[in-house]
Amino acid sequence: MNSEFLPDAENEFREATRYYETEAPGVGVAFVTEVRRAIRWIIENPYAAVAVGSGIRSKMLNHFPYNILYAVERDLILIVAVAHQKRRPKYWRARIKQIKERRGTEGRP
């Protein structure tokens, strides 16, 4: 199984990495490593993370206040958001429409 980021999720990931690396050299690299570790875990255990609705699941990162929000597709983990745990709760729900459009359906993501 592979993984892919929605464009907005990829931008969030890059912005958070840039922020951490600017604040303390090496911390951005640690953040990238932790996100990659979490994605590997998700790929190995796609249904083990908490379901948060509309077919989306949430995996908390270790050592960083972020969650990886994702949808499980046939052969793909679609990363919907790299969301800070204390900012803009549930803002990512607007991206569910992108998932539906991607699938060419108005049904459940």
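A short reminder: the numbers here are calculations on the coordinates, not readings from a lab. Computed from a predicted model, the values in this text were never measured in an experiment. All Cβ positions, glycine included, derive from the backbone under ideal geometry; neighbour counts span all protein chains shown.
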I need the full set of residues from the stretch 82-107 which are among the small types (Gly, Ala, Ser) and either in contact with an Asp or Glu (Cβ under 7 Å, 6 or more places away or on another chain) or surrounded by 16 or more Cβ atoms within 10 Å (Cβ to Cβ) (or both), in order please. Ala83
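Do we find that Val72 is in a strand (DSSP E or B), β-branched (Val, Ile, Thr) and surrounded by 12 or more Cβ atoms within 10 Å (Cβ to Cβ) in this structure?
Details: in a strand (DSSP E or B): yes; β-branched (Val, Ile, Thr): yes; surrounded by 12 or more Cβ atoms within 10 Å (Cβ to Cβ): yes.
So Val72 passes the test.
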Per the filter on the stretch 1-60, residues farther than 16 Å from Asp75 by Cα and aromatic (Phe, Trp, Tyr) are Phe13, Tyr19, Tyr20, Phe31
Return yes or no: is Phe31 part of a loop (DSSP other than H, G, I, E, B) and either within 17 Å of Glu12 (Cβ to Cβ) or touching a residue at least 60 places away in the same chain (Cβ under 8 Å) (or both)? no
Kindly establish whether Ile79 is assigned to a strand (DSSP E or B), touching a Phe, Trp or Tyr at 6+ places or on another chain (Cβ under 6 Å) and crowded, with 16+ Cβ neighbours inside 10 Å. yes
Please determine, by comparing only the residues of the stretch 1-34 that are acidic (Asp, Glu) and buried (at least 16 other Cβ atoms within 10 Å of the Cβ), which one is nearest to Lys97 (Cα to Cα). Asp8
